[in-house]
1. If the cut-off is a Cα-Cα distance under 22 Å, which lysines reach Lys130, setting aside same-chain residues fewer than 8 apart in sequence?
2. Using the per-residue mean of other Cβ atoms lying within 10 Å as a proxy for protection, in what order, highest first, do the peptides 329-341, 61-73, 391-403 fall?
3. Taking the DSSP beta bridges in region 258-474 as the whole, what percent of them are antiparallel, to the nearest 5?
4. In terms of modelled amide H atoms, which long-range or inter-chain residues lie less than 5 Å from the amide H of Val121?
5. Quick one: Cα centre-to-centre distance for region 1-67 and region 220-270, in angstrom?
6. Using r as the Cβ-Cβ distance of Ile409 and Glu188, and R0 as 56 Å, what FRET efficiency do you calculate, to the nearest 0.05?
7. Pairs of Cα atoms under 8 Å, at least six residues apart: use those to get the relative contact order of region 294-405, whole percent.
8. Indicate the gyration tensor shape class of region 1-131 (rounded, prolate or oblate), computed on the Cα atoms with a ≥ b ≥ c the square roots of the eigenvalues: a/c under 1.5 is rounded; otherwise a/b larger than b/c is prolate and the rest oblate.
Amino acid sequence: GLHNIGVMLPYAPLHHLLFNHTETPAYIMTSANVPGEPMMITNEEILKNLDTIADYYLIHNRRILNRCDDSVARFRNNELAFIRRSRGYTPEPYDLKGKYTNLNPEFDNLNILALGPELDVTFTILKNSKAYVSQHIGNTNKYRTYEFLQEAIKHMMRITKTDSFDAIACDLHPQFFTTKLAKEYAEEYDCPLIPVQHHHAHGISLLNDHYKENENNEDNNEMIIIAADGVGYGGDGNSWGGEILYTNIGDYERTASLMPQNMPGGDLCTKYPVRMMAAILSNPNSDYESEKYTEDYVKELLNNDYVDSFQHGSIEIKSLFRQLETNLNVGINTSTGRVLDSVSTALHICDKRSYEGEASMKLESYAYDYKEDDTLEDFPIIIKEYEDENGKRKVLDTTAIMRYVVDKIEDGENPNKIAVAGQKAVSIGLAKLAVESAKEKGIKTIGATGGVFYNEAITAHIKEYVENEGFEFIQHINSCPGDGSVSLGQAIVAGINLK
């Protein structure tokens with residue numbers, strides 16, 4: 001389970017009436033939608049489609065014209081972090097007047113529509129130096145959510161009195177539905193289409209929260225970004241998610257990352273993280289205990305200790321290694337989320353994902369339960385040079401971390417203690433990569449962005465390491481660490497580069 005829950009205080013008179021006329025101490029209240037789809041807005045829809053889910057309905061005869069989910073936030077190390085910035089905060093704009101005219105003198109006069117990524121989507125309309133970020137839209141790989149996105153854009157254009165755009169911004173991923181929609185809008189409004197790399201957009205939404213406040217850089221245009229999440233389409237066409245980026249706002253450079261790992265079966269590794277764990281343990285590019293972790297040893301380990309975690313048991317283990325050998329349907333990723341998922345499944349915390357981020361979230365809670373001071377500190381932090389067709393960079397050997405975790409499990413170490421060590425190893429590794437990049441670039445500010453930074457322990461470990469090395473560590477303030485702020489970053493990058 002999880003170590004925290006979300007609480008909504010009764011903020012409306014109607015809520016008080018509900019409690020006054022019943023003896024129920026608490027209600028589980030949620031919006032009227034099925035997972036992955038937008039809220040239903042007619043009573044007929046609700047009564048027809050939610051009869052097997054809800055015990056009670058709170059309905060009204062007043063028409064709903066515009067959906068807007070509740071905002072969600074959590075406190076992380078006594079600091080507020082938005083998970084979903086929606087009702088109560090949108091569409092109040094970010095005032096960008098004069099912030100980016102040093103990079104593009106025309107910035108304050110531009111009209112730009114940015115469509116975000118594909119999951120946890122928001123969109124942003126940049127108009128007259130004000131950035132209007134939409135309410136939470138959701139996952140646009142669902143058709144009804146895709147329709148809702150288009151309806152919400154029309155509504156925002158109407159209330160902001162926007163009838164044309166100078167550019168349309170979108171994610172770099174060519175197959176996202178939002179990318180396809182962006183192309184349609186670019187044709188409709190006869191304007192340029194500007195794709196923006198996912199983690200670059202993440203980082204710029206973070207930098208915008210601090211722009212002109214950071215005293216370390218004269219122009220405040222440069223930063224080292226630690227971008228840690230589940231997935232984002234990379235500049236090399238692979239899945240990124242454990243990246244160290246240098247940015248001067250308008251552009252970025254990938255200076256370091258987690259070690260590339262095979263992803264047999266692609267998205268199957270996110271649903272069944274034991275597949276990802278098997279691939280990480282088997283990576284031949286790691287020298288850490290390589291004599292022990294032969295293919296035969298890993299197969300034996302999986303068949304003895306993890307066979308029930310595979311959907312099809314030992315047959316699947318055999319076919320997985322055949323996949324790796326033939327490189328058939330095997331993606332490449334540098335995702336922090338996939339490494340944390342693998343630690344989670346190694347400890348049998350979560351063998352099958354039933355909702356987004358489940359394995360990593362349960363790992364955080366499992367580690368939280370360990371209250372002793374005698375933590376494991378002998379985990380391997382191995383940083384090595386890596387070169388591919390896109391050039392050289394430094395990488396963190398996550399196979400070494402994964403093998404260390406499995407070794408400790410075999411030694412009979414306290415599993416909660418191992419969970420703490422697994423999280424800390426990834427944290428310190430990312431922090432070391434970022435500090436080394438900052439030193440090489442002569443930059444004093446390191447920022448943290450991406451869904452992994454909802455994790456309280458990981459954020460605290462990285463913050464402590466970075467600050468102890470003499471660097472300024474910045475986090476999101478008004479925007480979301482997760483994908484809800486990607487559209488804001490896209491709009492800013494597009495505005496700077498549209499000349």
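Derivation of every value follows stated rules applied to the coordinates shown; laboratory data play no part. Just so we're clear, the structure is a prediction, and the values are computed from it rather than from any experiment. Here the Cβ positions follow ideal geometry from the backbone for every residue, glycine too, while neighbour counts run over all protein chains shown.
1. The qualifying lysines are Lys97, Lys99, Lys154, Lys161, Lys212, Lys499.
2. Ranked by mean Cβ neighbours within 10 Å, highest first: 329-341, 391-403, 61-73.
3. The answer is about 70 percent antiparallel.
4. Ile137, Gly138, Asn139, Thr140
5. Using only Cα atoms to place each centre, the spacing works out to 38 Å.
6. Values: r = 56 Å, r/R0 = 1.00.
Working from the Cβ atoms, E equals 0.50.
7. Details: 78 pairs, mean separation 17.6, N = 112.
Reported as a whole number, the value is 16 percent.
8. prolate
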